[in-house]
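Step one of this worksheet: look at the structure below.
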Amino acid sequence: KRVPRGVWAAYRRALPEASPGEIIGQVLTDSILRAPAVEVARARTAPTFVYEFAWQSPVRDLRAAHALEIGFVFDALDDPASERLAGTAAPAALAERMHGDWVRFAETGDPGWPTFAPGEDIRRYDTVTRDVPLPRAEALAALTR
């Protein structure tokens, strides 16, 4: 599949400090994971909650790799599978926060952050968890044209 016109420039603007390899990696990640997830979230009529796991693993330059958050969601950072991805010093407070939000969602249908709508915030989980505008929104728009 060809990358739509304007994508590389949009990603360069969104990630000015990134190397060409990092930009290629982000375009691939967004093409495979983020853009389809955002499209589904935008299409839903039921309350939909969108998050980004942004904590950077110190292990093998994984950064915030896909599925890294599983040990945090289940508050199981001491599990060997989680330690292989997150290391042995992953932030327990982040795991407690994420696990609490997932339990709250399972019990009440509300994880504790606003529902997703175009132009609105998503929840970003990191050492400081907060609601932020959808990351790289302009670049994602260029990618999905």
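The values are calculated or read from the model by the stated rules, or taken from the named source; none is laboratory data. Here the structure is a predicted model, which means the values were calculated and not measured. Cβ coordinates were reconstructed from backbone atoms using ideal geometry, including for glycine residues, and neighbour counts include every protein chain displayed.
Inspect all residues belonging to the range 96-107 and state whether any of them is assigned to a loop (DSSP other than H, G, I, E, B) and touching a helix residue (DSSP H, G or I) at 6+ places or on another chain (Cβ under 8 Å).
no
Within the set of pairs 6+ apart or on separate chains, which have a first residue in the range 57-70 that is within 17 Å of GLN26 (Cβ to Cβ), a second that is in a loop (DSSP other than H, G, I, E, B) and modelled with pLDDT under 95, and C-beta atoms under 9 Å apart?
These pairs meet every condition: SER57/ALA64; SER57/ALA65; LEU68/LEU62.
Listed residues GLU83, GLU69; which is closer than 17 Å to ARG123 by Cα, among the acidic types (Asp, Glu) and crowded, with 16+ Cβ neighbours inside 10 Å?
Every option except GLU69 fails the conditions.
For MET98, which of the numbered conditions (1) surrounded by 13 or more Cβ atoms within 10 Å (Cβ to Cβ); (2) over 20 Å from ARG124 (Cβ atoms); (3) within 16 Å of the chain's Cα centre (by Cα); (4) of a type in the set (A, V, I, L, M, F, W, C) fails to hold?
Failing condition for MET98: (2).
Just give me the residues in the range 3-60 being outside any helix (DSSP H, G or I), charged (D, E, K, R) and farther than 21 Å from THR129 by Cα, in sequence order.
Matches in the range 3-60: ARG5, GLU17, ARG44, ARG60.
I'd like to verify a number: residues in the range 101-123 that are acidic (Asp, Glu) and either closer than 26 Å to VAL59 by Cα or buried (at least 18 other Cβ atoms within 10 Å of the Cβ) (or both), how many?
1
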